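The values are calculated or read from the model by the stated rules, or taken from the named source; none is laboratory data. Just so it is clear, the structure is predicted and the values come from calculations on it, not from any experiment. Neighbour counts run over all protein chains shown; Cβ positions are idealised from the backbone, glycine included. Please note that ligands, DNA and RNA were not included when accessible areas were found on the heavy atoms of the full protein model with its side chains. Shrake-Rupley method; radii C 1.70, N 1.55, O 1.52, S 1.80 Å.
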Amino acid sequence: MAIERTFSILKPDATRRNLTGKINAKFEEAGLRIVAQRRIQMTTAMAESFYGVHRERGFFRDLVTFMTSGPVVVQVLEGENAVLANREIMGATNPANAAPGTIRKEFAESIEANSVHGSDSPENAAIEIAYFFAGCDITG
Ligand code: ADP
Ligand code: MG
């Protein structure tokens with residue numbers, strides 16, 4: 001197995017409820033390292049671009065409004081099989097379907113306000129990391 005990096009966002013519902021530490025503990029307990037992290041306010045243009053793949057979906061406008069409704073924490077997580085490992089730590093998109101112990105099961109408010117984003121493939125992880133971080137910001 002290879003050491004890999006994935007991109008993560010702690011969404012506005014998580015920062016609003018002061019859950020940054022509790023969610024980060026989930027990553028660290030599962031063996032992922034937070035090798036870069038920054039708290040930012042997403043602009044509408046950033047959220048539209050980041051979620052561009054969902055532009056035609058009915059929930060797109062609401063999603064952009066939600067993602068710009070408060071600060072987010074953007075992160076790079078590193079570890080064995082980090083992309084897949086993080087998707088397991090996060091749980092299913094809809095918290096109603098998320099497995100016990102996952103971040104979304106424990107913390108998500110709804111299918112939209114579901115506390116975390118995680119890349120869905122190594123290819124997308126590389127694109128998403130490069131969108132938010134310069135190489136010199138990441139220390140493994
Ligand atoms: P994931 O974040 O699990 O990769 P998607 O990429 O399918 O899920 O969707 C991106 C984000 O859009 C979700 O995390 C969630 O915030 C929002 N979303 C997805 N499906 C819905 C839906 N049916 N209604 C409202 N928001 C949704
Ligand atoms: Mg996705």
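For the reader, a short list of remarks on this structure follows.
- The GNM of the chain, with springs linking C-alpha atoms under 10 angstrom apart, assigns the highest mean-square fluctuation among M90, M67, M46 to M46.
- D120/R17 FRET efficiency (R0 22 Å; Cβ-Cβ; nearest 0.05): 0.30
- Expected 222 nm ellipticity per residue - DSSP helices of 4 or more, -39500 (n - 2.57), all of the chain, to 500: -10500 deg cm²/dmol
- In the chain, the portion of solvent-accessible area held by carbon and sulfur atoms comes to 51 percent [1.4 Å probe, whole percent, DNA, RNA and ligands not counted].
- Accessible area expressed per residue, the range 9-79, with surrounding protein chains retained (probe 1.4 Å, Å²): 50 Å²
- Peptide packing for 111-123, 50-62, 92-104, 75-87 was compared via the average number of neighbouring C-beta atoms within 10 Å per residue; ordered from the highest value, the list is 75-87, 111-123, 92-104, 50-62.
- Residue by residue, the range 98-107 carries 3J(HN,Hα) couplings of 7, 6, x, x, 6, 4, 5, 5, 7, 10 Hz when phi is fed to the Karplus relation 6.51 cos²θ - 1.76 cosθ + 1.60 (θ = phi - 60°); x denotes Gly or Pro.
- Along principal axes, Cα extents of the chain, largest first, whole Å: 38, 34, 27
- Simple point charges give the picture: +1 on the Cβ of Lys and Arg, -1 on the Cβ of Asp and Glu, and for the range 1-82 a dipole about the Cα centre of about 300 debye.
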